[in-house]
Amino acid sequence: MQAKINVGTTGYDRWKSDQFRRLQLKKYAIYLAVFHYFMTALHAKLLTNEQTYLNTKSSLIKTSMAKTVYTFGDGKAEGNASMRNLLGGKGANLAEMNLLGMPVPPGFTITTEVCNEYTQYGRDKVVADIKPEVEKAIASVEALTGNKFDDPTNPLLVSVRSGARASMPGMMDTVLNLGMNDATVATMAEKSGNPRFAWDSYRRFVQMYGDVVLGMKPKNKTDIDPFEEIMDKVKEEKGVKFDNELEVEDLQELVKRFKAAVKEYTGKDFPDSAWEQLWGGICAVFDSWMNERAILYRRMNQIPEEWGTAVNVQAMVYGNMGDNSATGVAFSRDAATGENLFNGEYLINAQGEDVVAGIRTPQQITVEGSRRWAALQGITEEERAAKYPSLEETMPALAAELIDTAHRLEDYYKDMQDMEFTIQDGKLWMLQTRNGKRTGAAMVKIAMDLLRAGEIDEKTALLRIEPQKLDELLHPVFDKEALKKAKVVAKGLPASPGAATGQIVFQADDAEAWSEQGKKVVLVRIETSPEDLRGMAVAQGILTMRGGMTSHAAVVARGMGKCCVSGAGEIVVDYKAKTVTMDGKVYNEGDWISLNGSTGDVYDGEVRTTEPELDGDFGEVMELSNKYAKTLVRTNADTPRDATQARRFGAQGIGLCRTEHMFFEGDRIKAVREMILSSDLEGRRVALAKLLPMQRGDFEGIFEAMDGFGVTVRLLDPPLHEFVPHTEAAQKEMADEMGISAEEVKAKVESLEEFNPMLGHRGCRLGITFPEITEMQARAIIEAAINCKRKGIEVHPEIMVPLVGTLKELQHQANIINITAAKVFDEQGETVDYKVGTMIEVPRAALTANQIAEVADFFSFGTNDLTQMTFGYSRDDAPKFLKHYKEVGILKVDPFEVLDQEGVGQLVRMGVEKGRATKPELKVGICGEHGGEPSSVKFCANLGMNYVSCSPFRVPIARVAAAQAAIEA
Ligand code: PEP
Ligand code: MG
């Protein structure tokens with residue numbers, strides 16, 4: 001998950017008045033809603049015209065689609081693992097598993113290119129285009145299975161599943177048992193000698209097809225699924241609790257009622273033709289590429305829309321054929337901790353969706369896993385062995401075959417595998433394998449374990465680290481002492497590690513709304529579904545009543561690195577009443593709880609957290625990064641505390657110390673205000689004299705923390721009006737402090753008001769109009785450096801001038817700095833080496849970098865302002881429209897988060913090249929927020945920058961990204 005980025009807050013008021021901004025955003029949202037209403041009407045009209053245009057266009061375009069369908073089966077395949085872009089991850093690996101001789105039901109994959117055609121030209125054209133190839137592929141599956149599609153006497157039934165290039169668990173649609181109708185169900189019942197199995201498959205098919213293809217879903221979040229409602233009714237009439245207690249007649253009744261409901265909903269009979277069903281299924285999978293949750297998931301994981309999804313059609317195998325059948329999910333290593341321990345879950349006599357949906361309690365595959373699980377659940381060994389035996393106990397030979405297959409797959413792919421399998425009447429079938437999603441901790445451990453085992457080399461191990469995911473390892477864990485006192489009120493499965501504490505909410509929408517108000521929330525659900533993704537993304541943690549380690553909640557939470565406790569079976573969640581009962585206590589929405597995703601414990605109230613450990617495998621990844629990286633990673637830190645934190649994370653110096661941030665704490669703001677409000681030089685000097693020792697003290701702390709490393713201190717850069725007091729009370733306080741009238745203060749505040757403060761009197765413009773400020777700051781830096789040097793600390797001060805656009809501006813400020821330094825050296829009888837450089841953050845500075853380099857010892861690219869000024873997007877106001885821009889595809893990402901290499905990047909490149917043309921030894925870095933974003937770090941490293949600088953918590957991320965850039969170069 002992408003961490004929220006603070007786009008360089010420079011102002012005190014901005015820092016203080018979040019609430020006000022939110023209010024403004026709310027007003028804006030109302031305005032947008034009204035605007036949206038009118039636009040929708042207009043859009044509907046335009047769309048009709050656009051559609052006509054598209055249809056005309058599509059009929060005119062003669063697309064020459066290449067091969068669109070790839071078959072596999074019986075040890076042969078037209079595709080292979082390297083064709084992931086075309087066949088999607090699932091399709092490519094199904095092909096490869098066939099080639100490896102593993103038992104895979106035969107089938108075929110429709111390529112991702114077809115999905116793009118579908119999105120562009122629509123259903124009719126695409127169906128017509130691929131029909132011949134699909135028909136041929138079905139014939140090849142018929143030949144391999146000996147069954148016939150759309151044949152009531154010997155039916156071939158298939159599954160239709162999505163499969164994109166990057167795995168998107170649960171985000172798209174699947175239809176199983178496709179090809180069934182009233183005639184085939186009778187044949188299946190007769191052939192299998194198991195009418196219950198046949199009818200159970202049929203009712204599942206009607207239900208799934210109705211939901212996925214015909215769109216019969218709950219209308220809103222608290223409604224129950226229309227099919228579940230019918231099911232509950234039938235169970236109630238029958239007086240049973242579980243699905244598997246229903247008998248053949250009940251299942252027949254269910255099919256009847258499901259079909260009636262479909263007829264009522266769609267106005268049409270449920271389709272009997274297998275071909276009609278197949279095209280419905282294929283198109284539904286393509287449609288699901290553009291469903292809301294898939295779009296959201298892609299946005300969160302930066303998966304391009306153009307990738308499209310493939311569709312996999314495969315002969316059905318059945319895990320619900322009786323007690324000799326089963327289905328499950330397995331991992332070759334532990335996806336939560338990374339431990340080298342095969343694990344997984346299965347259900348006897350069930351179909352795939354039963355395992356992930358959390359409807360029945362899944363059992364563990366290995367005895368060891370089963371015992372661990374039972375211990376966590378507080379279940380005795382006798383009860384475990386009787387009620388929840390492992391697959392190793394129930395079907396030992398098949399368990400051994402599965403474990404062996406898993407090892408072979410991991411050996412082949414050299415990475416942890418996440419597999420789906422089905423056992424049909426005593427035979428194992430592999431339905432999927434992929435590199436498994438894992439937590440940040442597991443990612444690091446697995447990469448290092450594989451390296452130590454000699455399976456992969458150092459470079460591969462480093463490339464296995466998703467830099468952004470390291471973020472999870474840097475965040476707090478529960479404080480051990482606080483944890484001892486905390487009361488455990490429930491226990492579930494440790495589905496995704498981490499510590500979470502927050503207020504209870506029950507709906508994803510509420511999670512979003514509450515977190516927008518700045519609240520920390522824990523999302524509590526009976527079970528999660530892909531619709532809950534938004535809520536999961538903003539919650540601190542997720543607690544579910546149902547669902548195992550492979551439930552949707554668990555898989556998605558692990559992917560996001562979000563703390564999750566799943567399957568806490570003892571808790572009782574009531575959505576309508578908005579309560580959850582745990583250990584006899586009723587918790588309401590808004591009550592605090594804490595989750596330990598590593599143990600599965602749920603605690604009452606808020607439990608304190610502390611800093612994480614950073615050695616072990618994590619430390620080794622960091623060392624390896626240093627070995628390969630050619631670009632240093634500095635940090636943006638304004639206080640000795642942040643500087644010390646950043647050193648722990650391995651920062652190799654400070655790339656940006658924003659001196660205005662040093663004034664936010666305590667009483668310091670008053671001295672700054674006094675300086676700003678003074679009407680003459682005299683008054684300003686008095687105020688500056690108060691600020692000098694504060695700054696010097698902080699600089700000393702920072703130099704000490706960065707002993708031996710470079711420290712870039714930037715001169716003051718605040719839009720002035722943001723530092724002045726706006727409320728009457730604050731103005732009165734300042735008036736008393738300065739011995740002037742409140743009216744005078746008010747008048748001065750008004751005089752400092754700017755229409756466009758971000759482009760106003762800030763940066764070096766301030767130091768040029770008030771040179772005494774630069775003088776004071778230069779003095780504080782040099783004096784601090786000398787004091788530290790005297791204490792034996794190695795200091796390398798670099799004084800940086802902000803917002804320079806012309807050479808003359810830099811010359812002006814450099815003069816003051818050099819004169820002040822000389823003065824201090826003289827006074828102190830001691831010298832230090834120092835550098836004077838500049839930010840490159842105004843486009844003109846990049847354009848004239850060759851001139852500016854004549855004076856500058858170093859450049860630091862301020863890509864926050866450079867992005868603001870290149871796009872012309874105000875940093876403060878852009879979030880209001882950028883969200884929409886991303887939604888409609890004008891921008892793929894927020895350019896304040898990810899450097900726009902195409903546009904802003906040109907200025908950066910030009911700045912580096914022109915600067916070094918004048919001064920080849922020019923030191924160059926970046927200190928905008930992009931300095932911690934992996935793709936931007938790689939861009940800067942490739943330009944030959946000496947360093948990138950980012951906030952302390954992103955230092956490890958940038959270190960790995962820098963190493964990867966060097967490896968990939
Ligand atoms: C920048 O503009 O990129 C920068 C680092 O400065 P600030 O964010 O403080 O404006
Ligand atoms: Mg800036």
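What follows is calculated from the coordinates using simple rules that are stated; it is not laboratory data. Here the structure is a predicted model, which is why all the values come from computation and not from measurement. Cβ atoms come from the backbone with ideal geometry, glycine included; neighbour counts cover every protein chain shown.
Tabulated results
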read-out: Surface/4 estimate of mean projected area, convex hull on alpha-carbon atoms of region 797-922, nm²; value: 8.7
read-out: Angle between the chain longest axis and helix 668-677 axis [Cα atoms, degrees, rounded to 10]; value: 60
read-out: Per-residue [θ]222 nm for the chain (sum of -39500 (n - 2.57) over DSSP H runs n ≥ 4, rounded to 500); value: -15000 deg cm²/dmol
read-out: When the convex hull of its Cα atoms is projected in every direction, mean area for the chain (nm²); value: 43.2
read-out: Under 26 Å from the Cα of K191 - lysines, other chains or at least 8 residues apart; value: K148, K256, K259, K427
read-out: Gain upon complete extension [D833, I224; 0.36 nm per residue less C-alpha separation]; value: 212.1 nm
read-out: Phi-based couplings in Hz for region 97-112 (Karplus 6.51, -1.76, 1.60; Gly and Pro marked x); value: 4, 4, 5, 7, x, 8, x, 10, x, x, x, 7, 10, 8, 6, 5
read-out: Cα-Cα over 20 Å, subset of K217/K238; K217/K268; K387/K562; K67/K125; value: K217/K238; K387/K562
read-out: Stretch gain in nm, segment I819-E516, where the contour uses 0.36 nm per residue and the Cα spacing is subtracted; value: 104.1 nm
read-out: Leading residue at positive end of dipole, the chain (Cβ point charges), from A399, L847, P132; value: L847
read-out: nm² value of the averaged projected area, convex hull over the Cα atoms of region 349-468; value: 9.0
read-out: Eligible lysines near K914 by straight Cα distance, threshold 18 Å, same-chain separation 8 or greater; value: K808, K923
read-out: Cα Rg over Rh - region 810-850, Kirkwood; value: 1.15
read-out: Taking the chain and dividing mean pair separation by its residue count, relative contact order in percent (alpha carbons under 8 Å, at least six apart); value: 9
read-out: 3J(HN,Hα) from dihedral phi, region 869-886, Karplus parametrisation 6.51/-1.76/1.60, rounded to Hz, x for glycine, proline; value: 7, 6, 7, x, 9, 5, 4, 7, 9, 4, x, 4, 10, 5, 4, 5, 4, 6
read-out: Computed FRET value (nearest 0.05) for A186 with D269, which takes r as the C-beta separation and R₀ as 22 Å; value: 0.75
read-out: Rule-of-thumb Rg ratio for region 478-556 [Cα; 2.2 N^0.38 Å; N residues]; value: 1.10
read-out: Cut-off under 5 Å, modelled amide H: who pairs with G344 long-range; value: F331, I365, T366
read-out: Stretchable slack from N324 to K76, in nm (0.36 nm times residue separation minus alpha-carbon distance); value: 86.5 nm
read-out: Å³ per residue enclosed by the Cα convex hull of region 198-342; value: 193
read-out: Cα-based Rg / Dmax (Å) for region 687-812; value: 17.3, 51
read-out: Cα-Cα P(r), region 543-622, percent of pairs per 5 Å interval; value: 3, 12, 19, 21, 18, 13, 6, 4, 3, 1
read-out: Label-to-label distance, nm, for residues given as A969 and A143 (7 Å Cα→Cβ offset); value: 5.3
read-out: Distance cut-off 25 Å, percentage of C-alpha pairs in region 576-735 lying past it; value: 57
read-out: Cα-derived Rg over Rh, computed across region 849-969 with Rh taken as Kirkwood radius; value: 0.99
read-out: Using θ = phi - 60° and Karplus 6.51 cos²θ - 1.76 cosθ + 1.60, couplings along region 73-78 (whole Hz; Gly, Pro as x); value: x, 6, x, 10, 7, 7
read-out: 20 Å cut-off, amide nitrogen to a point 7 angstrom out along H407 Cα→Cβ, residues in region 65-103; value: 97, 100-103
read-out: Quotient of C-alpha Rg and 2.2 N^0.38 Å, computed over region 164-224; value: 1.42
read-out: DSSP-defined beta bridges in the chain - what % are antiparallel, rounded to 5; value: 65
read-out: Cubic angstrom per residue, convex hull over Cα atoms of region 404-512; value: 210
read-out: Farthest positive-ward along the chain dipole, Cα basis, beta-carbon charges - from A969, A189, T712; value: T712
read-out: FRET E, pair E623, T769, Förster distance 35 Å, beta-carbon r, rounded to 0.05; value: 0.15
read-out: Percentage of interatomic Cα-Cα distances in region 348-418 larger than 17 Å; value: 54
